[in-house]
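The values are calculated or read from the model by the stated rules, or taken from the named source; none is laboratory data. The shown structure was predicted, so the numbers you read here are calculated from the model rather than taken from an experiment. Quick reminder, even Gly has a Cβ in these numbers, built from the backbone with ideal geometry, and neighbours come from all protein chains shown. Side chains included, ligands, DNA and RNA excluded: accessible areas come from the protein's heavy atoms. Shrake-Rupley method; radii C 1.70, N 1.55, O 1.52, S 1.80 Å.
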Amino acid sequence: MTVALVTGVAGQDGSYLAERLVAEGAEVHGLVREGEHPEGLPREVGLCVGDLGDAEGLADLVRRTRPDEIYNLGGISSVAYSWQHPVETGAVSGLGAVALYDAAWRLQEDSGRTVRVLQASSAEIFGTPDRTPQDEGTTVRPSSPYGAAKAYAHQMAAVYRARGLGVSACVLYNHESPRRPETFVTRKITAAAARIAREGSGTLALGNLDARRDWGWAPDYVDAMVRAVRHPVADDFVVASGATRSVADFVAAAFAAAGVDDWSRHVTVDPRFVRPADPAEQVGDPRRAREELGWGGTIAFDEIVGRMVRHDLALLTV
Ligand code: GDP
């Protein structure tokens, strides 16, 4: 039986991944923070309380659970938060990943068994990219505390790979679902569109409406991570749809799905939500993932938005 350890199991990706691994019959251990009580996780998941900022605790957890597969999905999940908490971001999203690689490497050395690791890397490592679309060879040059912490973890994945640990990094572009919290612009928009549709009035304050992002469907991105960790040759894989939309496009699609005409009457731009440095466009080239992992997205943009809006409308009905 496969034993898997998932950090960030309480988050969007962690919950989809845990469901998938449990359905496959794996023994799943999930790292949660003190006081965190994830709802809706399969009850088969063994929850372990700990912190990515605690290297000793992580080493202990890996020694105890003896996983075949480690998925590092934990850490600071938003760029916006990282500007407020840059030191915590470095400790948790940067050093925390390295602590896991090191624990995995030691377990592999001591047990003689193969331990495989998946690092959830991020498009933010490219910052304002010097080429479009970005691929695995694009210069790593982050422009936010979040991106810099993820860049360190990304580069250390390659260092441990060269040392003999099968650690793959999926460079994930934005991936959304009804499980996104409203700190992300997509869910903020779909929740507001649903509310405005129900109440017939209201406004939504946003930051940069012109930013363009490559948005995909979260369960598809989890599928890429599973394929990557089990691929015989560990590597970096860009996981993206290959197409961009603007924040304004997302707003238009969400309000249309909620049945609200003329979204511009309901949207204001608030400088509080405009970021100090925000890449104008991020788009990934998922060719390697397609060719090497046989991976592809299954849900188109309008359907992603539609599912999120329908979920938010249903929440208002109960
Ligand atoms: P991120 O790419 O992981 O930071 O995901 P987000 O969903 O938080 O942000 C995606 C894009 O939306 C970025 O370019 C933001 O600057 C932009 N954006 C515009 N208005 C907002 C807002 O009100 N909240 C957030 N979170 N992002 C916004």
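Overview of values
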quantity: Fraction in percent of alpha-carbon pairs per bin - 10 Å, the range 48-181; calculated: 13, 42, 33, 11, 1
quantity: Full-stretch length increase - residue 63, residue 110 - with 0.36 nm per residue and alpha-carbon distance subtracted; calculated: 15.9 nm
quantity: Bins of 20 Å, starting at 0 and running to the largest distance - Cα pair percent for the chain; calculated: 33, 58, 9, 0
quantity: Where the chain is the region considered: accessible area per residue in Å², 1.4 Å probe; calculated: 43 Å²
quantity: DSSP-loop GluC sites (Glu not before Pro) across the range 102-168, with at most 15 other Cβ within 10 angstrom; calculated: 136
quantity: Selection of trypsin sites (Lys or Arg not before Pro), the range 1-70, meeting DSSP coil and at most 10 other Cβ within 10 Å; calculated: 43
quantity: Centroid-to-centroid separation of the range 203-220 and the range 88-165 [C-alpha atoms, Å]; calculated: 25 Å
quantity: Solvent-accessible area, 1.4 Å probe, carbon plus sulfur percent, for the chain; calculated: 50 percent
quantity: Surface accessible to a 1.4 Å probe, residue 183 within the full protein complex, Å²; calculated: 100 Å²
quantity: Rel. contact order, % - alpha carbon contacts under 8 angstrom, at least six apart, the range 1-48; calculated: 42 percent
quantity: Trypsin sites (Lys or Arg not before Pro) lying in DSSP loop within the range 100-203, provided at most 15 other Cβ fall within 10 Å; calculated: 113, 131, 163
quantity: Antiparallel DSSP beta bridges within the chain, percent to nearest 5; calculated: 5 percent
quantity: Contact order normalised by residue count of the range 164-241, Cα under 8 Å, 6+ apart, percent; calculated: 54 percent
quantity: Normalised contact order of the range 190-318, rounded percent, pairs of Cα under 8 Å and 6 or more residues apart; calculated: 44 percent
quantity: Extension reserve of the residue 84-residue 49 stretch, reckoned as 0.36 nm per residue once the Cα distance is removed; calculated: 10.1 nm
